[in-house]
Amino acid sequence: MERRDVRGHYEELAAEYDEHWVYGPDYVPWMSARITEALRLTATDRTADIGCGTGLFAREIARTLRPGHPVLCVDPSEGMLRQIGVPPPPGLTPIVASAEDISERRTELPYEQLDAMWLKESVHHLAEPGPTLQGLAERLAPGGRLLVVMLPATIRYPLFGAALARFEELQPDPADIVKHLTAAGLDADLSYVEHELRIDRETYFGMVRARYMSLLSTFSDSEIEDGIEEMRAAHPEPVLVFPDRFAFALGTSGRGQDGVG
C-alpha cells in the first residue's frame, strides 16, 4: 500500500481542490446551512473552521451570516489557504496551523475563547483524536459548541472495491468521536444528514484520478487506473447518483451562561 504525506497531498491538490469538491451548485450552500443550524451560529459568535482547506464552507457561512468577528480559517496547508484569496475576503481570517497546534495552544488566536468551531471531514487526520478534541473543547467559551462533521463508518460511494474496503479500515467510528467529546466534558450527541449527489460519470472518474479524497492518496497510479476501470464496468450509467451521508457529532459546553447548559 502506497502512503503519501497528507499535507503534501493537499498542497498538490490545492489549486484544483474546489473543482473537485463543488459537486453541484447546491452542495456547499446545503452543507454550510446544516453546519450553521447544528451549531446555532449567530453573527456575534467567535468561530473557527478547523481544517478548513480552501475555506469553501467558511466562505459560504460568512456570506450568509455576515459575522461581526471574522471566521478563523485554520489549516496546516499554506497552499490550500492561499486559495481563499490574497488578501482574504471580508469575514475570513486564514491561520496556518493544524488542529493539534490549536488544541495544544502552539498557535496564537485572535480570540481568547471561541463560541463555536467545526471540523469538516478532517477528524480522521488526527493522530490522537481524544486529546486533540479535549484541547479544542478547552478553548470554548461558556456555552460554546464543537461540531465534528464526518463520513459514517461505511459509505455508498461508487468507488472501486479496494477503496471502499480501505475506507472502512481507516475511518473512525462517529460513536467513538462522541465518546471523546463526552470525555472532554461536553454534552454530546450524534445525528445524521444526507444529500443526494448527481455527478457526471467521467467527471467523477476524473475526481478519483485526482485523488479528491485523501484516502485515494494511499493508492498508486496504476492501482487508481485499475480501480477506475472497475468502476467503469460497474457503472455504465452516464450520471452517477448516490447518497452523501454525514455524521454530525456535536459537543456543547455545560458551562452555559444565564443557567443555560
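Nothing in this text is a laboratory measurement; each read-out follows from the coordinates by a stated rule. Bear in mind that the values here come from a model prediction, so they are computed numbers and not experimental data. A quick note on method: Cβ atoms are made from the backbone with ideal geometry, for glycine too, and the neighbour counts reach across all protein chains shown.
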- Two-decimal ratio, the chain, of alpha-carbon radius of gyration to 2.2 N^0.38 Å: 1.00
- Task: Would you please give the FRET efficiency between residue 222 and residue 168, computed as 1/(1 + (r/R0)^6) with r the Cβ-Cβ distance and R0 = 22 Å, to the nearest 0.05?
- Result: 0.45
- Query: Taking the Cβ of residue 91 as the center, what net charge do the other residues with Cβ under 10 Å away carry, scoring Lys and Arg +1 and Asp and Glu -1?
  - Reply: +3
- Item | Computed [θ] at 222 nm, deg cm²/dmol, the chain (DSSP H ≥ 4; -39,500 (n - 2.57); rounded to nearest 500) | -10500 deg cm²/dmol
- Message: Whole-Hz ³J(HN,Hα) for each residue in the stretch 165-180, computed from phi via Karplus 6.51 cos²θ - 1.76 cosθ + 1.60 with θ = phi - 60°, x for glycine and proline: what do you get?
- Response: 5, 5, 4, 5, 6, 9, 6, x, 7, x, 5, 5, 5, 4, 4, 5
- Can you give the extra length, in nm with one decimal, that the chain gains between residue 187 and residue 201 once fully stretched, where that is 0.36 nm per residue apart less the Cα-Cα distance? 0.9 nm
- Query: How long are the semi-axes of the ellipsoid equivalent to the stretch 51-115, from square roots of 5 times the Cα gyration tensor eigenvalues, in whole Å, largest first?
  - Reply: 18, 15, 9
